[in-house]
Structures are given as structure tokens and as C-alpha cells.
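As C-alpha cells, the structure follows; a few thoughts come after it.
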Amino acid sequence: MERPFEMKISACITAGNEEDKIAACLKSVAWCDEVIVVDSFSKDRTVEIAKRYATRVEQHEWGGYIAQKNYIRQLAKYPWIFFVDADEVVSDGLRKEIEEMFEKGVGDTAGFQMPRMVWYLGKWIRHGEWYPDLKMRLFRKDRGYSAGEEPHDRVVVDGPVHTFRNPLYHFTYDNMVDHLNTLNRFSTISAQQKAKHGKRVGLTALLFRPWWRFFRGYVLQRGFLDGMAGLIVACLSGYGVFIKYAKLYEISRAEKTGTGMPDARG
């Protein structure tokens with residue numbers, strides 16, 4: 001049964017060089033009333049594949065995670081926005097939850113958050129800092145927008161929020177090398193953002209923040225229950241924190257000596 005206009009959903013997917021993953025993503029949102037893909041000029045077959053499944057495909061110069069999400073939000077013609085990344089898949093359970101909720105009525109709810117479950121080293125990660133990793137992804141267009149600090153965008157809504165039980169699947173990393181490359185890239189972006197806002201780093205941050213990140217994920221959030229994969233996730237999370245602050249230190253020194261700043265490639 002077709003939903004009334006006020007209940008219609010625009011699935012919005014931002015993509016870049018995701019030819020291996022975008023088909024599964026788009027198939028999982030085919031039930032939405034509109035599927036929009038904004039591609040940041042991929043050099044692979046992402047656009048070609050997207051055109052097979054999406055209602056609308058556009059290319060737009062990459063302006064950052066937050067700006068790209070706000071751009072695609074403006075393209076949507078329906079009242080509800082569903083942000084899904086190109087390496088994510090909407091589970092059957094989550095789809096059913098959404099459809100049932102929208103059929104019975106959402107009341108004054110402004111947004112819906114959902115757990116995100118990561119596939120890593122051949123298994124689903126069900127503990128630690130990676131799960132439930134609640135994400136606000138489905139929201140009223142007129143009551144929400146993307147905010148946060150690069151490279152981590154988040155949706156902010158004005159009004160009540162409901163939490164779904166079923167997950168959004170996240171196929172984050174192809175392998176360990178991909179994971180390390182992402183940590184390297186994200187830590188540079190994050191360090192640059194902190195430097196831009198005048199933040200500096202001291203010995204305490206370098207010594208203790210990485211260990212706290214490891215301890216919180218592995219012990220307090222029970223990452224150890226995911227076995228060897230849980231240990232690796234916690235260790236690399238701590239490593240990511242260390243290199244972020246190490247790069248912030250490098251930037252601070254570069255500003256003082258006039259030797260320049262590193263770019264987001266490393």
C-alpha cells in the first residue's frame with residue numbers, strides 16, 4: 001500500500017569509489033519512495049551501478065562529510081530523509097520496523113536512531129565501542145540537518161527521538177590495510193579540525209587518552225566478548241587516538257616553525 005505524502009521517505013546515499021558495495025546498499029533501500037545518490041566523482045563504476053537502482057544520481061564535488069550530507073538532503077522531495085552510507089545495508093528487520101512504524105503513525109517523532117553493526121574479520125562485532133553505536137539516520141527533513149566535526153557527521157533534530165531495535169549493517173573495512181588507511185586519513189582530518197579551533201595537545205593526552213579508549217572499549221564496553229576481533233578493534237581504536245593527537249602536536253610545531261601542515265592523505 002502506498003504511503004501518504006507526509007509519510008514518504010527519500011533514501012539519500014553519498015558515495016565515492018564504492019563499486020563493490022553500492023549495489024547491495026541500494027537494493028536494501030529499494031522499498032523507499034525515492035532513492036538519491038550523490039557521487040563525489042568516483043573513478044570506478046560507482047555511478048554506472050548506481051544508475052541501475054537509484055531514482056536520481058548526481059555528481060557533486062566533495063566538500064566534506066557534513067556538507068555532502070546537507071547537500072543531498074536538499075535534493076530530496078519527500079518529508080522524511082533516510083541517510084544510508086554506500087557501505088551500509090538496511091537489514092530486513094530494520095526495514096520491517098520502519099514500515100510498521102510508519103504504517104501506524106509516528107506522532108510528533110522528529111527522528112529515529114538505530115544500532116549499527118559492523119562486519120569485521122569475518123564476524124559481526126556485537127560489543128565494545130562499535131556496537132550498538134546508535135546512529136540518527138531517519139528524520140523529518142524540516143526538523144533535522146547534519147552537524148558534527150569532520151570527519152564525523154551526525155544528524156541533529158528538533159523534537160522527540162525513537163530508537164529502533166534492528167541494526168543497520170556496516171561493511172566498513174575490506175581488510176586490515178583498509179582499516180589502517182582509514183585511521184590514518186581520519187586522524188589527519190580530525191587533527192586539522194582541532195588545530196583550526198585552537199586546540200593543542202599535551203603529554204597527558206598522548207599518554208592517557210589512547211589507553212582510556214582501549215580500556216573503555218575492551219573492558220567497560222565488553223569488547224573482549226568478541227574474541228580476537230574485539231581485541232584488535234580496541235587496540236586500533238587506541239592507536240587511532242594516539243596518532244590523532246600526535247598529528248595535532250605535529251601541526252602545532254609546524255605552525256610555530258612555519259614548516260607547513262600535513263594534508264589529509266597521511
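The values are calculated or read from the model by the stated rules, or taken from the named source; none is laboratory data. In this text the structure is predicted, and so the values were computed from the model without any measurement. Virtual Cβ from ideal backbone geometry, glycine too; neighbours counted across all protein chains shown.
Of note:
Per-residue answers, yes or no, for (1) free of Cβ contacts under 8 Å to residues at least 12 places away in the same chain; (2) surrounded by 15 or more Cβ atoms within 10 Å (Cβ to Cβ); (3) under 18 Å from the mean Cα position of the chain (by Cα):
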site: 167; (1), (2), (3): no, yes, yes
site: 170; (1), (2), (3): no, yes, yes
site: 173; (1), (2), (3): no, yes, yes
site: 190; (1), (2), (3): no, yes, yes
site: 214; (1), (2), (3): no, yes, no
site: 219; (1), (2), (3): yes, no, no
site: 222; (1), (2), (3): no, no, no
site: 241; (1), (2), (3): no, yes, yes
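- Of the criteria (1) polar (S, T, N, Q); (2) surrounded by 18 or more Cβ atoms within 10 Å (Cβ to Cβ); (3) over 17 Å from the mean Cα position of the chain (by Cα), which one residue 113 fails: (3)
- Test for residue 56: is it in the same structural domain as residue 87 (by TED's automatic domain parsing), more than 21 Å from residue 79 (Cβ to Cβ) and over 20 Å from the mean Cα position of the chain (by Cα): no
- Taking each residue of the range 1-25 that is under 18 Å from residue 79 (Cα atoms) and looking for partners that are among the aromatic types (Phe, Trp, Tyr) and in a helix (DSSP H, G or I) with beta-carbon atoms closer than 6 Å, six or more apart or interchain, yields 7/102.
- The listed residue being outside the structural domain of residue 180 (by TED's automatic domain parsing) and free of Cβ contacts under 8 Å to residues at least 40 places away in the same chain, out of 47, 90: 47
- Among the candidates 52, 95, 73, 56, residue that is closer than 16 Å to residue 13 by Cβ and without any contact (Cβ under 8 Å) to a residue 24 or more places away in the chain: 56
- Single residue of the range 129-147 satisfying the filter (surrounded by fewer than 19 Cβ atoms within 10 Å (Cβ to Cβ) and of a type in the set (A, V, I, L, M, F, W, C)) that is nearest to residue 210 (Cα to Cα): 134
- Considering the conditions (1) in a loop (DSSP other than H, G, I, E, B); (2) buried (at least 19 other Cβ atoms within 10 Å of the Cβ), residue 63 is excluded by exactly one of them, (2).
- Residue that is farthest from residue 89 (Cα to Cα) [pool: residues in the range 1-33 that are at pLDDT 95 or above and of a type in the set (Lys, Arg)]: 8
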